Amino acid sequence: MASQHEARNGLAGLRILLGVSGGIAAYKACELVRRLRDAGAEVRVVLTANAARFVTPLTFQALSGQPVRSGLWDEAAEAAMGHLELAHWAQHIVIAPASADVIARLAHGFATDLLTTLCLASEAPLAIAPAMNLRMWAHAATQANVAVLRSRGAVFLGPAEGRMAEPESGPGRLLEPHDIVAGLTALYGPKRLAGKRVLVSAGPTYEDIDPVRFIGNRSSGRMGFAVAQAAAEQGANVQLVAGPVHLTTPPGVARVDVRSAREMREAVMARAEGSDIYIGAAAVGDFRPHEIAPHKLKKNGGALTLSLDENPDILAGVAALARRPFVVGFAAETQNIETYARAKLERKKLDLIAANRVGEGHGFDACENEILLISRDGIERFARADKLALARQLVARIAEKAQAKNEGRGTGSESRRKLVPVRARTRTR
Ligand code: PMT
């Protein structure tokens, strides 16, 4: 995935062709143009006919400082810069918002309008930020089209989850413009984890009681998958050990599916010594039934007592290895977050711990999160943000701390001073 994107220092000077397709989210493309230009990119906008119903070409022309194209048959525009020249001009094509229709036409190689023609005629890498109704996004046809485009190297930025224009909530929203820019910057920015092997665990574990019941927890896997994606974007070779979740594997990530804590431990331990960094974002079940009943347990008119055994602690096991990677844990707490997380950092001998509040809509199964990143010599607050945006900030910091430790510089304040400021981060002390 990253190989298509020439090594450069961010978006400065990059010639971006922004395709805008029809949908209420088209208005957000205006801010996207501004933010791309602020990041130093040169932007030319192509609208589909439907997009022009939502936002006028004049708006995009004013924001981009360039003529805007929408039709294949515009003679004056063709005379100034023919569509094949435009396809050649683009160093990257971004479609935001991308409707289900545009995604389908791209997947099937249609060239029925200027935007799809340009995509076919250009060799530039393609990034797609979808926006559509949540059922349209979930539809098997759309998902098949997305898979086809991904297999050809297209990068999908989003969709985000949350409230839609209709009174519904779910995946289908256009990513916020700053998150689209962050995603593109991650593709073109310096690769902080190039050549590094990063192992991530994500999601819940299920501990079977009998053939139909299990003990589980509310982890959706989103945080861990976002961390895996962010590490892959930074050039790492990422292995993701996933508990039972319903999430798509991020591009460029190798995934191993497991169910129980013991299966997760086996998968993690088999890969840990060969990894440079281990990030334990999984919500591992602390206990498992002493025995798994071979048949469905029957009611007997009284209480049922389950005898539970403690599961092995995977994170502590990795940290105890003779050739241990840089070890980052998560702490899921409902109260006394900093105190309890610090105790876990010490007890499990971790390098860093990312503490988050859980319960009452926080942490588990939410689209957003906020984190206190604690090391022996400091603490930083990463303010509430979409989990992928947060993961990108977190991974950038983990990469820096791991490098500092490798170079014998510790994880102290002297290394913090070298940090590039990250949006939405404030220091608590
Ligand atoms: O998956 P999401 O819905 O996106 O939610 C994200 C999250 C809340 C699950 C995630 O951000 C998070 O906090 N993960 C850690 C959850 C957890 O199990 O926390 P804990 O405080 O119980 O455990 C501390 C650390 O020890 C964790 O890194 C955990 O992976 C690890 N552990 C715990 C028990 C065990 N037997 N083995 C372990 O490795």
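Only the coordinates and a few stated rules stand behind these numbers; no lab work does. Note that the structure is predicted; figures quoted are calculated from it, not measured. Cβ coordinates were reconstructed from backbone atoms using ideal geometry, including for glycine residues, and neighbour counts include every protein chain displayed.
Remarks
- The stretch 247-301 and the stretch 83-147: distance between their alpha carbon centers, rounded to Å: 37 Å
- The stretch 165-214 versus the stretch 355-374: alpha-carbon centroid distance in Å: 14 Å
- Around residue 189: net Lys/Arg minus Asp/Glu count, Cβ-Cβ under 13 Å: +2
- Distance between the modelled labels on residue 163 and residue 121, one decimal in nanometres: 4.2 nm (7 Å Cα→Cβ projection).
- The chain: calculated mean residue ellipticity at 222 nm from DSSP helix runs of at least 4, using -39500 (n - 2.57): -9500 deg cm²/dmol
- Simple point charges give the picture: +1 on the Cβ of Lys and Arg, -1 on the Cβ of Asp and Glu, and for the stretch 4-188 a dipole about the Cα centre of about 260 debye.
- For the stretch 63-183, with +1 on Lys and Arg beta carbons and -1 on Asp and Glu, the positive-most of 125, 64, 158 along the dipole: 158
- In terms of other Cβ atoms within 10 Å, 346, 370 run from fewest to most in the order 346, 370.
- Electrostatic dipole magnitude of the stretch 186-337 [Cβ: Lys, Arg +1; Asp, Glu -1; Cα centre; debye, to 20]: 380 debye
- Mean Cβ count within 10 Å, highest first, over the residues of peptides 243-255, 268-280, 70-82: 268-280, 243-255, 70-82
- For 264, 223, order by how many other beta-carbon atoms lie within 10 Å, fewest first: 264, 223
- From phi via Karplus (6.51, -1.76, 1.60), per-residue ³J(HN,Hα) for the stretch 370-378 in Hz, x at Gly/Pro: 9, 9, 9, 9, 10, 10, 5, 10, x
- Cα shape, the stretch 1-104, gyration tensor, a/c 1.5 rule: rounded
- Estimated FRET transfer efficiency (residue 133, residue 310; beta-carbon r; R0 41 Å; 0.05): 0.35
- For residue 43, the shell of other residues with beta-carbons less than 13 Å away shows a net charge of +3, using +1 for Lys and Arg and -1 for Asp and Glu.
- For the chain, the relative contact order comes to 11 percent (Cα pairs under 8 Å, sequence separation of at least 6).
- Inter-site label distance for residue 296 and residue 338 at 7 Å from Cα along Cβ, in nm: 5.1 nm
- Cα gyration tensor category, rounded, prolate or oblate, for the chain with a/c compared to 1.5: prolate
- Restricting attention to the chain, lysine pairs at least eight places apart or on different chains and with alpha-carbon atoms under 24 angstrom apart total 21.
- DSSP beta bridges fully contained in the stretch 4-188 are about 20 percent antiparallel.
- Label-point separation in nm, residue 24 to residue 79, each point 7 Å along Cα→Cβ: 4.2 nm
- Taking Lys and Arg as +1 and Asp and Glu as -1, the other residues whose beta-carbon sits under 10 Å from that of residue 235 total +2.
- Prolate/oblate/rounded label for the stretch 4-188 (Cα gyration tensor, a/c 1.5): rounded
- Check: the chain dipole with +1 on Lys, Arg Cβ and -1 on Asp, Glu Cβ, in debye: 1060 debye
- Computed from the C-beta positions of residue 303 and residue 61 and an R0 of 56 Å, the FRET efficiency is 0.20 to the nearest 0.05.
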